[in-house]
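First the structure, in the form of structure tokens, and then the observations on it.
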Protein chains: 2
Amino acid sequence: MSPLSVNRDRLFASLEALGAIGAYVDDRTGLRGVNRLALGAGDAAGRRHVVEQMRAAGLTITVDRIGNVYGRREGTRPELAPVMLGSHIDSVETAGRFDGCLGVMGGLEVVRTLNDHGVRTLRPVVVAFFTDEEGSRFGTDMLGSAVATGRIPLEAAYALRDREGRAVRDELRAIGFLGEADERVAPPHAYLECHIEQGPVLRAAGVRVGVVEGVQAIGWHALTIVGKSAHAGTTPMGLRADPGVAAARINLRLREMLASGRYGDMRATMGVISARPGLVNVVPNEVRCTVDLRNPDDDAMRRAEADAIAFYAAVAAEERVQISWERTARTDTVPFAPAVRERVVAAARARGMSWQAIVSGAGHDAQEMARITTAGMIFVPGEHDGISHNPRELSTRDQCGDGVDVLLDVALSFADERGADEEGGR
Amino acid sequence: MSPLSVNRDRLFASLEALGAIGAYVDDRTGLRGVNRLALGAGDAAGRRHVVEQMRAAGLTITVDRIGNVYGRREGTRPELAPVMLGSHIDSVETAGRFDGCLGVMGGLEVVRTLNDHGVRTLRPVVVAFFTDEEGSRFGTDMLGSAVATGRIPLEAAYALRDREGRAVRDELRAIGFLGEADERVAPPHAYLECHIEQGPVLRAAGVRVGVVEGVQAIGWHALTIVGKSAHAGTTPMGLRADPGVAAARINLRLREMLASGRYGDMRATMGVISARPGLVNVVPNEVRCTVDLRNPDDDAMRRAEADAIAFYAAVAAEERVQISWERTARTDTVPFAPAVRERVVAAARARGMSWQAIVSGAGHDAQEMARITTAGMIFVPGEHDGISHNPRELSTRDQCGDGVDVLLDVALSFADERGADEEGGR
């Protein structure tokens, strides 16, 4: 293992500096949050800042046609596939400073550390940030990495529009990040992403490094429950068809399913609940709600989804309402490469850091890259029960530093690795 | 009892004609509904139409300072307190043709029938329609009758504004119904209101006339439930504080309370349910919802309200959320005068109409008038389970005619009644 370690003060200061861009103060809490919705003014300023930092670290910048940015540090064998360290710097509207940014500024800190020590690697090292990982503005998450790896065609991505009708392509051009490089990225030798856990597990266990096994399966249902609007003061219970009651039963059923233990380490959430007409004295005639199911086990996910769907039908019959639902997202589990997981464990061990295996509850660019190369992730713990997408999001200087030290070790391990591409190129 | 009967065809045609004013076609059903929000263009047109009809029937029109309209047919003893027949012609945004209008056009039909037969009554007969009974636009229901009877001061009513910030006084002036008559109405000898039931009871029982005992107690709670926004994919159940789950438990608890039979003939409704931020993959941090409780028994109402409030606190503790609530309305039961109820029963009996006692689930102008005089109501059945505030609202020609025949009988009984005011005026 490498004798090098990253500069934790510099890393944390770089996260603070990026976090000051697109900052806002939350009315209710007085806390400072971050709003860098993809391709907006905050994101544009953040992009210019990071590109400037990359250039200062000696990286050569490439911007592709979907606005993904790659900063390349040359290897002794430039023709070999690089090791790529990446994530994203766009954010949800009410974000903290760490989600995504740790992977990008962590990658840059790895480069700076190599520079500090004059280390030359066999393979190039590329630090990448991908366009619109959050999907908060244009409705499709992991957009840039999905285009780079071929899951989403460029023209389909260009045509996506925000709520005001502005298209991705126009917004890329407007902020000066409509690049000319081919959007399909050449598969790197390995892709590594250091990220905050966005959950409480590592912190609660007192563990310093999360070895990410993969991303759990995700299923989203958008439900429309139609009942019968009626006068709240006069209509007897027996004549009601109340879609709010039906939604309530589904919400509580999700929790019963969790408590049953029949679906493994399931998560279930009703995030959208909205009744119409929404008047105090009128039984609603329509409720729109959503169900978000997650599971690290594909079989358990399938069982949970089937049982939830069967329950919708049962509730519809019992409550005399119509329930229509649409599957708005569905992905199976994405396993990360054993080669990455093994090296993350080895690095943590060598540094005397506690570690544990963990499954990612959220989606990440790494799951897109996993389609085209050896990919994996390192998680670091978060304070405040690992709260994320919130100004209270916080991983400390040392929590961040632990993760990026491991990122450095694993990056060097891959960057000096010979491989199939060494003979004859790719 | 009177040998007279009203002209049912004329009555129903007058309801159809008024229902054509402010009409719209519902997008989803293709049904024609009525939108005559108080003091808007539809209400103004409806007011002009009814005033014209009143004048054509020989009534003398008075408009007071809150826009209530009184059409007077003189009695042989003009100095005696009149019998007043009234209701409202304003509507909710998605109304039918009968709510309120039956009481006004029914009152006018009584006058027309007296005219047809050259009947002179001892006391004057006044047909009234009150401003903004629905409260849908300015937020306060029974506004005109509450001002007329002194519950709400005129200046407070004038200052009410709609969502666009337009004040009642300005809107009255704009539509030409800011009258000059004293808004405090001289107590009539009796006040009678014929109205659709707005519920299924009479129709289901096959009963033609509802003898309204009074208006049930009403309590409204506006709840704000604050939890903790969290990532749907990562946050374990044990660390969640989900206000949507809390709202669901309250909604289902309301139904359990009903089923328990411990609260008499209670009604309970959660009409507003709205989660923020309202994203599929985020545990909500806030849910706003409402509880509407009704009960024909004041003691049972108090028990139900106390138990609901205790449950809010229990749920808050169990779900680790904060629940704050505000009582946005609370009225005890309003009993109607025995003298009116007895005469309604007598009239129905004399005409061979089946009848039953019933408690009003909704609020009505009659409950305001009950504060200052002998007041009561006659209900008629409605088709389609008595649906109301909906284009499908329908009471047939004969259902309406039955009610207005009884209204005629009871009106005549009071209009020819001598009383304390006969000696020395009032």
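The values are calculated or read from the model by the stated rules, or taken from the named source; none is laboratory data. Model, not experiment: these values are computed from the prediction. Glycine also receives a Cβ, built like all others from the backbone with ideal geometry; neighbour counts cover every protein chain displayed.
Just the residues that are without any contact (Cβ under 8 Å) to a residue 12 or more places away in the chain and facing chain A (nearest Cβ under 9 Å), please, taken from the stretch B:257-277.
B:258, B:259
Checking residue A:217 against (1) under 30 Å from residue A:196 (Cβ atoms); (2) touching a helix residue (DSSP H, G or I) at 6+ places or on another chain (Cβ under 9 Å); (3) facing another protein chain (nearest Cβ under 7 Å), which test does it fail?
Unmet condition: (3).
Specify which of the listed residues (B:192, B:172) is in the same structural domain as residue B:48 (by TED's automatic domain parsing), closer than 23 Å to residue B:7 by Cα and not in a loop (DSSP other than H, G, I, E, B).
B:192
Which numbered condition trips up residue A:139, out of (1) in a loop (DSSP other than H, G, I, E, B); (2) under 26 Å from residue A:422 (Cα atoms)?
Checking residue A:139 against (1) in a loop (DSSP other than H, G, I, E, B); (2) under 26 Å from residue A:422 (Cα atoms), the one that fails is (2).
Evaluate the stretch A:6-14: report whether one residue or more is at pLDDT 95 or above, more than 20 Å from the chain's Cα centre (by Cα), in a loop (DSSP other than H, G, I, E, B) and aliphatic (A, V, I, L, M).
Scanning the stretch A:6-14 turns up at least one residue that is at pLDDT 95 or above, more than 20 Å from the chain's Cα centre (by Cα), in a loop (DSSP other than H, G, I, E, B) and aliphatic (A, V, I, L, M).
Please specify each residue of the stretch B:372-390 satisfying the condition of being under 20 Å from residue B:200 (Cα atoms) and over 16 Å from the mean Cα position of the chain (by Cα).
B:383, B:384, B:385
Within the stretch A:296-320, work out how many residues are over 27 Å from the mean Cα position of the chain (by Cα) and of a type outside the set (Val, Ile, Thr).
The total comes to 11.
Search the stretch A:278-296 for residues that are facing chain B (nearest Cβ under 8 Å) and at positive phi and pair each with any residue that is in a loop (DSSP other than H, G, I, E, B) and crowded, with 20+ Cβ neighbours inside 10 Å when their beta-carbon atoms are under 8 Å apart and the residues are at least 6 apart or on different chains.
Sorted first by the residue in the stretch A:278-296, then by its partner, the pairs are A:278/A:284; A:278/B:271; A:278/B:272.
It is to be established whether one or more residues within the stretch A:223-230 are farther than 22 Å from residue A:133 by Cβ, at the interface with chain B (Cβ under 9 Å from one of its Cβ atoms) and free of Cβ contacts under 8 Å to residues at least 12 places away in the same chain.
Among the residues of the stretch A:223-230, not one is farther than 22 Å from residue A:133 by Cβ, at the interface with chain B (Cβ under 9 Å from one of its Cβ atoms) and free of Cβ contacts under 8 Å to residues at least 12 places away in the same chain, which makes the answer no.
Quickly run through the stretch B:51-77 and pick out the residues that are surrounded by fewer than 19 Cβ atoms within 10 Å (Cβ to Cβ) and more than 29 Å from residue B:160 (Cα to Cα).
Residues satisfying the conditions are B:55, B:56, B:57, B:58, B:60, B:74, B:76, B:77.
Find all pairs meeting these conditions: Cβ atoms under 6 angstrom apart; at least six residues apart or on different chains; first residue within the stretch A:39-64 and among the acidic types (Asp, Glu); second residue modelled with pLDDT of 95 or more.
If the second residue must be modelled with pLDDT of 95 or more, the pairs left are A:43/A:36; A:43/A:90; A:64/A:179; A:64/A:181; A:64/A:183.
Starting from residues that are of a type in the set (Asp, Glu) and over 20 Å from residue A:237 (Cβ atoms), keep the ones in the stretch B:367-391 and report whichever is farthest from the other protein chains (Cβ to nearest Cβ).
Residue satisfying both the conditions and the ranking: B:368.
Just the residues that are without any contact (Cβ under 8 Å) to a residue 40 or more places away in the chain and over 23 Å from residue A:260 (Cα atoms), please, taken from the stretch A:307-321.
Residue satisfying the conditions is A:317 alone.
Sort out which residues of the stretch B:239-257 are basic (Lys, Arg), farther than 14 Å from residue B:317 by Cβ and part of a helix (DSSP H, G or I), and write them in order of number.
Within the stretch B:239-257, B:253, B:255 meet the criteria.
Give all pairs with beta carbons closer than 9 Å in which a residue from the stretch A:344-360 that is farther than 19 Å from residue A:334 by Cβ and of a type in the set (A, V, I, L, M) meets a residue that is at pLDDT below 95 and surrounded by fewer than 24 Cβ atoms within 10 Å (Cβ to Cβ); count only pairs at least 6 apart in sequence or on separate chains.
Correct list of pairs: A:346/A:1; A:347/A:1; A:347/A:2; A:350/A:1; A:350/A:2.
Working carefully through the options A:212, A:185, find the one that is in a loop (DSSP other than H, G, I, E, B), away from every other protein chain (no Cβ under 11 Å), under 21 Å from the mean Cα position of the chain (by Cα) and buried (at least 21 other Cβ atoms within 10 Å of the Cβ).
A:185 is the lone residue from the list that is in a loop (DSSP other than H, G, I, E, B), away from every other protein chain (no Cβ under 11 Å), under 21 Å from the mean Cα position of the chain (by Cα) and buried (at least 21 other Cβ atoms within 10 Å of the Cβ).
If you check B:10, B:72, B:55, B:77, which single one turns out to be among the charged types (D, E, K, R) and over 22 Å from residue B:123 (Cβ atoms)?
Answer to the check: B:10.
Among the residues of the stretch B:392-426, which ones are modelled with pLDDT under 90 and not charged (D, E, K, R)?
B:419, B:420, B:424, B:425
Regarding residue A:163, is this residue more than 20 Å from the chain's Cα centre (by Cα) and part of a helix (DSSP H, G or I)?
Against the criterion (more than 20 Å from the chain's Cα centre (by Cα) and part of a helix (DSSP H, G or I)), residue A:163 does not qualify.
Quick check on my filter: what residues within the stretch A:336-371 are among the charged types (D, E, K, R), under 20 Å from the mean Cα position of the chain (by Cα) and more than 17 Å from residue A:102 (Cβ to Cβ)?
Passing the criteria: A:341, A:368, A:371.
What is the one condition in (1) at pLDDT 95 or above; (2) under 22 Å from residue B:256 (Cα atoms) that residue A:274 does not satisfy?
Failed condition: (2).
Any idea which residue in the stretch B:70-106 is modelled with the lowest pLDDT, counting only those that are among the hydroxyl-bearing types (Ser, Thr, Tyr) and more than 16 Å from residue B:366 (Cβ to Cβ)?
B:94
Hey, any hits in the stretch B:246-256 for a residue that's at the interface with chain A (Cβ under 8 Å from one of its Cβ atoms) and touching a strand residue (DSSP E or B) at 6+ places or on another chain (Cβ under 7 Å)?
Yes, because at least one residue in the stretch B:246-256 is at the interface with chain A (Cβ under 8 Å from one of its Cβ atoms) and touching a strand residue (DSSP E or B) at 6+ places or on another chain (Cβ under 7 Å).
I'd like the full set of residues that are part of a helix (DSSP H, G or I) and either crowded, with 20+ Cβ neighbours inside 10 Å or over 26 Å from the mean Cα position of the chain (by Cα) (or both), limited to the stretch A:258-280.
Hits for the stretch A:258-280 are A:259, A:260.
Quick one: is residue B:128 under 30 Å from residue B:416 (Cα atoms) and more than 14 Å from chain A (Cβ to nearest Cβ)?
In short, yes.
Would you tally the residues in the stretch B:83-118 being hydroxyl-bearing (Ser, Thr, Tyr) and either outside the structural domain of residue B:21 (by TED's automatic domain parsing) or over 26 Å from residue B:419 (Cα atoms) (or both)?
Final tally of qualifying residues: 2.
Mind checking which pairs have a first residue in the stretch B:398-414 that is assigned by TED's automatic domain parsing to the domain that holds residue B:125 and a second that is of a type in the set (Asp, Glu) and buried (at least 24 other Cβ atoms within 10 Å of the Cβ), Cβ under 7 Å, 6 or more apart or different chains?
Matching pairs, first to second residue: B:404/B:109.
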